[in-house]
1. Give the ranking of LYS110, LYS288, LYS261, LYS245 by solvent-accessible surface, highest area first, calculated with a 1.4 Å probe.
2. How large is the translational diffusion coefficient of the chain in µm² per second when you combine the Kirkwood radius over alpha carbon pairs with Stokes-Einstein at 20 °C and 1.002 mPa s?
3. Within the accessible area of region 19-77, what % is carbon and sulfur when the probe is 1.4 Å and the other protein chains stay in place?
4. Out of the chymotrypsin sites (Phe, Trp or Tyr not before Pro) in region 84-151, which ones are loop residues according to DSSP with at most 13 other C-beta atoms within 10 Å?
5. What spacing in nm lies between the two simple spin-label points modelled at GLU149 and ALA220, each 7 Å away from Cα in the Cβ direction?
6. What ³J(HN,Hα) values, in whole Hz, does the Karplus curve 6.51 cos²θ - 1.76 cosθ + 1.60 give for region 96-101 when θ = phi - 60°, with x put for Gly and Pro?
7. As a test of the formula, what do you get for the chain when each DSSP H run with n ≥ 4 contributes -39,500 (n - 2.57) and the sum is divided by the residue count, at 222 nm and rounded to the nearest 500 deg cm²/dmol?
8. If you wrap a convex hull around the Cα atoms of region 1-127, how much volume per residue is inside, in Å³?
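The values are calculated or read from the model by the stated rules, or taken from the named source; none is laboratory data. Fair warning: this is a prediction, and the values are worked out from it, not measured in the lab. Here Cβ is always computed from backbone atoms with ideal geometry, including for glycine, and neighbour counts include all displayed protein chains. Quick note on the areas: whole protein, heavy atoms, side chains included, nothing else; ligands and nucleic acids left out. Shrake-Rupley method; radii C 1.70, N 1.55, O 1.52, S 1.80 Å.
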Amino acid sequence: MGSESQLKYIDIGINLTDPIFRGSYHGTQRHEDDFEDIIQRGLDAGCKKFMVTGSDLKESEHAVEIAKAHSGLCYATVGVHPCSAKHFDEHPDGPDALLKSLKELAVSAKEAGHAVAFGEFGLDYDRLFLTPKDQQLKYFEAQLSIAVEVQLPLFLHSRAAAEDFERLLRARLNELPKRGLVHSFTGTVEEMLRIVDMGFDVGVNGCSMKTEENIEVVRAIPLSHLQIETDGPWCEMRPSHASAKYVKDAPPLPRAVKKEKFVKGAMVKGRNEPATIPHVAYAIANIKGVTVEEVCEAAWKNSIKMFRLGETVE
């Protein structure tokens with residue numbers, strides 16, 4: 001379906017702050033730190049830029065540090081994930097102190113060119129056991145207010161919360177001209193079209209293509225509003241997913257082994273990483289009935305237009 005060497009990708013959602021990318025699983029070091037190998041495998045697969053997701057203040061600081069250490073290659077997002085929104089009320093100096101620190105980090109990292117988006121933040125009603133709805137709503141609104149001050153594109157999360165998510169987002173639209181994207185999208189076709197109508201892009205990864213319903217949504221996403229991601233170490237594409245039949249012509253992935261049998265240079269089974277992003281692009285292309293070149297070119301242009309990432313759109 002095209003020469004793999006000519007294709008280039010941007011992984012707009014990769015959780016490189018996760019200890020699993022350093023060989024640490026649930027607090028236990030299971031194998032050597034292979035972080036730089038992961039970056040290199042991504043580069044070898046054609047992934048030219050990595051957007052490192054910040055999911056709370058500490059992880060956002062870590063994402064910025066990764067961006068500093070890999071200048072021109074990695075860029076950070078700064079925000080607090082809805083599942084971590086309880087951190088605001090748990091902060092020893094109160095929620096305002098955490099909001100202030102978050103804003104200061106976003107502003108300084110934006111000025112330095114290391115942060116390209118504000119987020120990941122939003123609403124997640126699938127996991128209310130992690131943070132209750134009232135806290136999620138309160139701190140989604142609070143972070144939207146910070147976003148208005150910071151003026152970065154938004155990196156948004158919405159799970160089973162479309163009505164509240166869209167209502168709160170729509171209320172601030174006029175103050176957020178840079179818009180942004182809803183990443184790891186798993187909503188309905190109707191929800192997707194409303195997101196696009198508001199001027200936002202849609203991020204697609206393995207979790208966006210698990211079911212036949214998901215496939216119909218991906219088929220309907222306009223190329224003009226599509227961006228692609230892995231969301232590693234999660235959201236890997238699996239043979240049991242509806243997407244499996246759409247990757248038959250994709251290039252083979254690097255060798256993968258179980259973490260107990262770690263070999264330097266190999267991927268780890270069950271740990272998604274940027275090197276798998278071609279499979280996301282090929283699946284989208286086959287679902288939409290277009291060439292993978294069209295998908296890659298559209299996604300690249302959309303990501304650069306929105307986040308810059310040290311590039312200009314030709």
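1. Working: LYS110 80, LYS288 45, LYS261 150, LYS245 105 Å².
Largest accessible area first, the residues go LYS261, LYS245, LYS110, LYS288.
2. On the way: Rh = 19.5 Å.
Translational D for this selection: 110 µm²/s.
3. Values: 1190 of 2490 Å².
The C+S portion of the solvent-accessible surface of region 19-77 is 48 percent.
4. On the way: sites: PHE88, PHE118, PHE121, TYR125, PHE129, TYR139, PHE140; in loops: PHE129.
Listed in order of number, the matching sites are PHE129.
5. Modelled inter-label distance: 3.8 nm.
6. 4, 5, 5, 4, 5, 4
7. Working: 10 runs with 120 residues, N = 314.
Taken over the chain, the calculation gives -12000 deg cm²/dmol.
8. Values: hull volume 18.4 nm³, N = 127.
Convex hull volume per residue, Cα atoms: 145 Å³.
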